[in-house]
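Student: Have a look at this one.
The values are calculated or read from the model by the stated rules, or taken from the named source; none is laboratory data. Being a predicted model, the structure only gives us computed values, none of them experimental. Neighbour counts are summed over all protein chains in view; Cβ atoms, including those assigned to glycine, are modelled from backbone coordinates with ideal geometry.
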Amino acid sequence: MGLFDKIKNEFIDIIEWVDDSKDTMVWKFPRYQNEIKNGAKLTVRESQVAVFMNQGQIADVFQPGMHTLSTANMPILSTLQGWKYGFNSPFKVDVFFVNTKQFIDQKWGTKNPITLSDNRFGFIELRSFGSFAFRVTDAGKFIKEIAGTNENYNTEDVAEQLRSMIVTKFTDAVGEGNIPVEKFAANLDELSKLGQDKLNTDFLEYGLTITKFLVENVSMPEELKKEIFNYSRLNALDMNKLAQFNTANAIKDAANNQGLGGAGIGMGVGMGMGNMMTNMFNQTGMMNQQNNSVPPPPPMLQFHVVVAGAQAGPFNLQQLQAMATSGQLTKATMVWKAGMANWAAAESQPELAAIFNSVPPPPPPPVG
């Protein structure tokens, strides 16, 4: 090898990166003490960006294409190096290739339950998991904020940090989304959209964009599921129909009561229940007969009630009467109405006294 060839090999003529991996995000071009000279060829392939860094400071960023390195296409580096009229001698600079393709099928999940506050069920704990995809959209910012000067940086290096951010931002998105907790399972697409929007607000600061964010499952403790099911059933039921159904069952049970005085007790209970149903139907009929010429009735007194450990209501006195008949409302049940400072037992409220006075006690056990 001649002297000219030896000197020529000390300079870098072609700068490129042929990526054969699936998870490499940043790759530093190895110089091996060699230098880049004027007119060197830089090849940046699709889904790549080349970032030149001079003494730890980001200089020029090259998009996909074939570039001939000169002061004309390296304005920032030329300024940093003090080249006013072009350069002839080789120079040293760190070249980082950044992969801008989508990194898909990244998994995320809550290692520990996330705690949310619900105005009906109080503090609740949820678990969730899913997948996401992301890409680098600002190579210079990504190197500066995340990758640093690492010669090789892959998805696993950043995944744990991203997952922690995802869980935090997803928790915020759920809290601000105003989606009832009982409807989470039916609104996974909406939760996914909320999470993606919330994440990208912060991820852009790191030169990253979440291209897809999926919530695949939201789970909660079994006892909370039961409370939600009970709450949803209570809200869906027509309280008048519930009272009629429970009254019919009570009459049937009383009629089937065997023993001394069983028939009399059954008849008495049946007559009492029947009168209650008649009053309820009469009240409903009177309400239906009202017309526009009659002034509207005064606002009905309404109470919120604690049912199965959860707040329910508000219910009017007619609905509370039906709940007392079915056993859902007892004297010890905690209630609250507008104007009360705190929750209190139902028996302490004068408006509810008549309800409990009209509910017969349970029949005595059969004799013999």
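Student: If I filter the stretch 24-41 for residues that are in contact with a Leu (Cβ under 6 Å, 6 or more places away or on another chain) and surrounded by 12 or more Cβ atoms within 10 Å (Cβ to Cβ), do I get at least one hit?
Tutor: Yes: the stretch 24-41 contains one or more residues that are in contact with a Leu (Cβ under 6 Å, 6 or more places away or on another chain) and surrounded by 12 or more Cβ atoms within 10 Å (Cβ to Cβ).
Student: Residue by residue through the stretch 315-332, note down the ones that are closer than 15 Å to residue 344 by Cα, surrounded by fewer than 19 Cβ atoms within 10 Å (Cβ to Cβ) and not basic (Lys, Arg).
Tutor: Those that are closer than 15 Å to residue 344 by Cα, surrounded by fewer than 19 Cβ atoms within 10 Å (Cβ to Cβ) and not basic (Lys, Arg): 330, 332.
Student: List the pairs whose first member sits in the stretch 34-55 and is at positive phi, whose second member is polar (S, T, N, Q), and whose Cβ atoms are under 7 Å apart, counting only residues at least 6 apart or on separate chains?
Tutor: 39/68; 39/70; 47/99; 47/100
Student: Across the stretch 107-155, what is the number of residues that are closer than 18 Å to residue 189 by Cα and of a type in the set (A, V, I, L, M)?
Tutor: Number satisfying all stated conditions: 2.
Student: Still on this structure, please answer the following. What are the residues in the stretch 136-180 that are in a helix (DSSP H, G or I), among the β-branched types (Val, Ile, Thr) and under 30 Å from residue 97 (Cα atoms), if any?
Tutor: Within the stretch 136-180, 143, 146, 155, 158, 166, 167 meet the criteria.
Student: So is residue 114 modelled with pLDDT of 85 or more and of a type in the set (A, V, I, L, M) or not?
Tutor: Answer is no for this residue.
Student: Tell me which residues, restricted to the stretch 181-219, are more than 19 Å from residue 113 (Cβ to Cβ) and outside any helix (DSSP H, G or I).
Tutor: Those that are more than 19 Å from residue 113 (Cβ to Cβ) and outside any helix (DSSP H, G or I): 207, 208, 209, 210, 211, 212, 213, 214.
Student: When the residues of the stretch 195-220 are narrowed to those that are over 15 Å from residue 108 (Cβ atoms) and among the aliphatic types (A, V, I, L, M), which ends up surrounded by the fewest Cβ atoms within 10 Å (Cβ to Cβ)?
Tutor: Filtering the stretch 195-220 for residues that are over 15 Å from residue 108 (Cβ atoms) and among the aliphatic types (A, V, I, L, M), the one surrounded by the fewest Cβ atoms within 10 Å (Cβ to Cβ) comes out as 204.
Student: Turning to a different aspect of this structure: Go through (1) under 28 Å from the mean Cα position of the chain (by Cα); (2) buried (at least 16 other Cβ atoms within 10 Å of the Cβ) and name the single condition residue 139 misses.
Tutor: Single failed check for residue 139: (1).
Student: Please note which strands (runs of 3 or more DSSP E) are completely contained in the stretch 1-71 and include at least 2 residues that are closer than 23 Å to residue 149 by Cβ, touching a strand residue (DSSP E or B) at 6+ places or on another chain (Cβ under 7 Å) and at pLDDT 90 or above.
Tutor: Qualifying strands (runs of 3 or more DSSP E): 24-28, 35-44, 48-54, 57-62.
Student: Tally the residues that are part of a loop (DSSP other than H, G, I, E, B), under 15 Å from residue 315 (Cβ atoms) and free of Cβ contacts under 8 Å to residues at least 40 places away in the same chain, restricting the search to the stretch 341-356.
Tutor: Of the residues in the stretch 341-356, 1 are part of a loop (DSSP other than H, G, I, E, B), under 15 Å from residue 315 (Cβ atoms) and free of Cβ contacts under 8 Å to residues at least 40 places away in the same chain.
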